[in-house]
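The values are calculated or read from the model by the stated rules, or taken from the named source; none is laboratory data. None of the values given here were measured: they were computed from a predicted structure. Don't worry about glycine lacking a Cβ; one is built from the backbone with ideal geometry, like all the others, and counts go over all protein chains shown. Protein only, heavy atoms only, side chains kept; ligands, DNA and RNA dropped before computing areas. Shrake-Rupley method; radii C 1.70, N 1.55, O 1.52, S 1.80 Å.
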Amino acid sequence: MNKLYLWGIIIIAVMLGATYLSVGGSKGGLNGDIVNILAVTGAVSLVTITVFVVVKYVRQMQVDSASGELADENWDGIGEYKNELPTGWAVMFLLLMVWGMWYFTIGYPVNAYSQIGEYNEDVAVHNSKFEAKHKNITGDKLVEMGESVFLAECKVCHGINADGINGAAANLNKRIDEKSVKHVIEHGSNNKLLGMEMPMPDRNGLFNASTGALITDAEIATVSKYVANGMKGDGAEIFAGTCVSCHGEGGIGMDSVAPNIAKFSPALVSTVLTNGKKGVIGIMPKFDRLNDKQKEAVGAYITSLSK
């Protein structure tokens, strides 16, 4: 046997032995796990193909001489022969394509173990246990839970004291500020994200019933200050003529029509956590990683801040 081929066989045996010992000797071994089986199969294929291809072409370089027609192009005097693609290369390329399609459709990860899938399943089980354990929690206990979740998830933007960190996020110690009210009046709002059926129109759709005309800049400024001040001060007449038909007396809102703009409610906060919110400061993302009870608890905590 040619020494080159002999050394190729020895290298294959050593590398495959090392691969098997590495995987099979690890904790759990192969254990019927398709991931480990595929890893060993891939290693066997790669090592075998690599070694024999190298051996073949090293051997060919030893005994063969270049022949054939040169291509017209050359690079610094170095030309290229118009040789056909080696059959072995073409066959291996097609086989790898077929294997790749099998791997991504039938093999792994579509039809096999997934670490992400296992994590999602564990989270679902944990959330079910959590909600079953705490489903009846109310009152001060619910507020305490909400504070813990807030400090873990919300303080990065809203601050430890929920004061918004100097305008970086909304100040949750009060329901709404003047700047936010003015922005919503001028640009409208997608109230569907707040659990309402109807969107709020922008200023071009807001009429003051008292004057029979579109709301003016001066009226927007006055009513924004009135709402932000807890429905106190000048602006009651403008609010009554423009806003009360949807937001109700005192701004407490109407189910499926308009949100409560006078004070927070656990349901409103939970809806914002579920859907996210776009306002004058920017976009608040939705918090899918919180379960329903945690959202309710955060809502109870934030509601307690503005009492």
Seminar exercise, completed: Taking the chain and counting helices only, DSSP H stretches of n ≥ 4 at -39,500 (n - 2.57) each over all residues, the nearest-500 ellipticity at 222 nm comes to -17500 deg cm²/dmol
For this session: Name the longest site-free stretch of the chain, where the excluded sites are GluC sites (Glu not before Pro) in a DSSP loop with no more than 14 other beta-carbon atoms within 10 Å.
Result: 85-196
Exercise. Hey, can you rank 169-177, 225-233 by average C-beta count inside 10 Å, highest first?
Worked result: 169-177, 225-233
For this session: Round to the nearest 0.05 the FRET efficiency obtained for SER304 and TYR119 when R0 = 25 Å and r is the Cβ-Cβ distance.
Result: 0.15
Exercise. Quick one: if you stick a label point 7 Å off each Cα along the C-beta vector at LYS192 and LYS155, how many nm between them?
Worked result: 3.7
For this session: Would you mind working out the magnitude of the charge dipole of the chain relative to its Cα centre, with +1 at each Lys and Arg C-beta and -1 at each Asp and Glu C-beta, to the nearest 20 Debye?
Result: 920
Problem set entry | Whichever lysines have a C-alpha closer than 21 Å to that of LYS225, once near sequence neighbours (fewer than 8 apart) are set aside | LYS174, LYS179, LYS182, LYS263, LYS278, LYS307
Problem set entry | Accessible-area composition of segment 142-237, carbon plus sulfur, in percent [1.4 Å probe] | 53
Exercise. Around LYS278, which amide H atoms from residues at least 5 apart in sequence, or from another chain, sit under 5 Å from its own amide H, with H modelled in the peptide plane?
Worked result: MET284
Problem set entry | Lys, Arg +1 and Asp, Glu -1 on Cβ, resulting dipole of segment 94-169 about Cα centre, debye, nearest 20 | 140
Seminar exercise, completed: Sparse-neighbourhood loop hits (trypsin sites (Lys or Arg not before Pro), segment 121-150; DSSP loop; Cβ within 10 Å at most 11 others) -> LYS135
Exercise. Hey, what do the phi angles of segment 114-127 turn into as Karplus ³J(HN,Hα) couplings, whole Hz, using 6.51/-1.76/1.60 and θ = phi - 60°, x for Gly and Pro?
Worked result: 9, 5, 5, x, 4, 4, 4, 5, 5, 5, 4, 5, 4, 4
Exercise. Considering only CYS157, MET200, LEU70, whose Cα is most displaced toward the positive end of the charge dipole of the chain, charges sitting on Cβ of Lys, Arg (+1) and Asp, Glu (-1)?
Worked result: CYS157
For this session: Taking the Cα centre of segment 173-238 as origin, work out the dipole magnitude from +1 charges on Lys and Arg Cβ and -1 charges on Asp and Glu Cβ, in debye rounded to 20.
Result: 260
For this session: Give the long-range amide H neighbours of VAL257: residues separated by 5 or more places, or on another chain, with amide H under 5 Å away, using H modelled in the peptide plane at 1.01 Å from N.
Result: GLU197
